[in-house]
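Student: So that we are looking at the same thing, I have put the structure below in structure tokens.
The values are calculated or read from the model by the stated rules, or taken from the named source; none is laboratory data. Computed from a predicted structure; not experimentally measured. Quick reminder, even Gly has a Cβ in these numbers, built from the backbone with ideal geometry, and neighbours come from all protein chains shown.
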């Protein structure tokens, strides 16, 4: 019998929303400040998955300029009804301290590949919105409500309101239908209907080690909701032996053959730091319904090997390790920060066969960075590129970056020094503390092309450089890759999160020109390989 191997979507792919349309399965996941918005993966057997599309591909659909680290697209909900795909998402403008500015939108398409509509504004009362299509034709939005008041439960419950397709807006009364369980931090609501019950699935415990999936049910959509007596139905908390930690934030799908699966968020901590530099990932667990109508996980916990459904095998071609930049468009696996690809800062046309990036703002910027990168999706991996760059001053830099957010990164770069000319060095930032972890910059004056490489092995990162791409020399010390993680980005002061991280490690190419002259660099290829 074939097996599902978890995580099915490795690397930064959190908050899964899974659906089936005929024989096709789709999972939408959060992308936060990375552009384009929302990842949608596709499968036909729940075993093999491919990255299919990003529906929020225009700035008019998601304008994230100035959004904070780990702001932007939170917890998309993908659904389908009567020939139309519906995608609900939050654009988070602030999330640290007492307040959260969370604007919720809806886009639609008749085809999963688009085109997707311009957004319809829904509300701003909280995050994790989800759309439920009832069998009487009505549609309902649920989202958690954020309560900023001192002494109140910040996660103030789950709001319910009807959505009118005809009017393209929410209508009718707003009701708080569920205040959560003793686990607290009630979020990520999804409604399902089965055998006359409305089932409300939520995430509780917070999206860290205490994360969990909980369930409640009611005969009426607006409650009251009866809590599952065995809640949580899934958690990894206080089960350190499990590979998949942080299990929570789930959504359900039923196969063509009547089997049930739960897609859920998980993380795989590094040892001994317990940091997850691969970010929060997506896994699948097989489920069943008890005679008294409650959902249960086969095996009772988050497992790496799961029995696959009885469906024909449908594999996809492997993703090419090397991108020579010979196509008209960048690979779907590359992302930019907060801003779409535009010819004034990134182009494949000006020098065919090369990716040209024009230098803009620093790695600290939440506005206009020239950075193209892809997710790290395995603990052991290498990334390699070659760059042609002619810096004229120290404010011009280009190279290979290992990036979490504006406060946490390592950067192997080419720049210019008044004394030694063109040179190679490393910049780092840990929780916003700037450093240069090399004793002296290395002169590469007179060398037109320079090869750069990063070798990742769990918590270790070693940078290398080469004149020819064959013989490599290590530069700098072995760096701590575990700092490029949610956990290291978190800053908690008296219960208020002044720094939060919800993404994962990226590796890629970037250029800065802090002088404003927009000096460009050309990258001939980018190679990403995973190792056993």
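Student: Which is out of contact with any helix residue (DSSP H, G or I) (no Cβ under 7 Å at 6 or more places or on another chain) and not assigned by TED's automatic domain parsing to the domain that holds residue 45, of 255, 282, 313? Reasoning before the result, please.
Tutor: Working: 255 fails: not assigned by TED's automatic domain parsing to the domain that holds residue 45; 282 fails: not assigned by TED's automatic domain parsing to the domain that holds residue 45.
Going through 255, 282, 313 in turn, the sole match is 313.
Student: Now for a separate question. Given the condition within 23 Å of residue 51 (Cα to Cα), surrounded by fewer than 21 Cβ atoms within 10 Å (Cβ to Cβ), more than 25 Å from the chain's Cα centre (by Cα) and free of Cβ contacts under 8 Å to residues at least 60 places away in the same chain, answer yes or no: does some residue in the stretch 348-370 qualify?
Tutor: Yes - at least one qualifying residue is present in the stretch 348-370.
Student: Answer with yes or no whether residue 368 is part of a loop (DSSP other than H, G, I, E, B), at pLDDT 95 or above and within 30 Å of residue 47 (Cβ to Cβ).
Tutor: Judged against the criteria, residue 368 is not a match.
Student: Does the stretch 153-162 contain at least one residue that is closer than 29 Å to residue 259 by Cβ, outside any strand (DSSP E or B) and assigned by TED's automatic domain parsing to the domain that holds residue 258?
Tutor: no
Student: Further, regarding this structure: Would you call residue 125 under 22 Å from residue 30 (Cβ atoms), surrounded by 15 or more Cβ atoms within 10 Å (Cβ to Cβ) and free of Cβ contacts under 8 Å to residues at least 12 places away in the same chain?
Tutor: no
Student: If you don't mind, there's one more thing I want to ask. How many residues are over 17 Å from residue 406 (Cα atoms) and in contact (Cβ under 8 Å) with a residue 60 or more places away in the chain if we restrict to the stretch 93-105?
Tutor: Number satisfying all stated conditions: 2.
Student: If residue 428 satisfies every condition in (1) farther than 21 Å from residue 339 by Cα; (2) crowded, with 18+ Cβ neighbours inside 10 Å; (3) touching a residue at least 60 places away in the same chain (Cβ under 8 Å) but one, which is the exception?
Tutor: It fails just one condition, (3).
Student: How do the strands (runs of 3 or more DSSP E) wholly within the stretch 425-532 filter down when requiring 1 or more residues that are modelled with pLDDT of 95 or more: which remain?
Tutor: The strands (runs of 3 or more DSSP E) meeting that bar are 433-435, 449-457, 460-466, 473-480, 506-513, 520-530.
Student: Kindly establish whether residue 60 is assigned to a loop (DSSP other than H, G, I, E, B) and free of Cβ contacts under 8 Å to residues at least 60 places away in the same chain.
Tutor: So residue 60 fits the description; yes.
Student: Among the residues that make up the stretch 243-251, is at least one of them part of a loop (DSSP other than H, G, I, E, B), surrounded by fewer than 24 Cβ atoms within 10 Å (Cβ to Cβ), under 25 Å from the mean Cα position of the chain (by Cα) and touching a residue at least 60 places away in the same chain (Cβ under 8 Å)?
Tutor: yes
Student: Going by what's in this entry, would residue 70 be described as touching a helix residue (DSSP H, G or I) at 6+ places or on another chain (Cβ under 8 Å) and either buried (at least 24 other Cβ atoms within 10 Å of the Cβ) or within 28 Å of residue 488 (Cα to Cα) (or both)?
Tutor: The answer is yes for residue 70.
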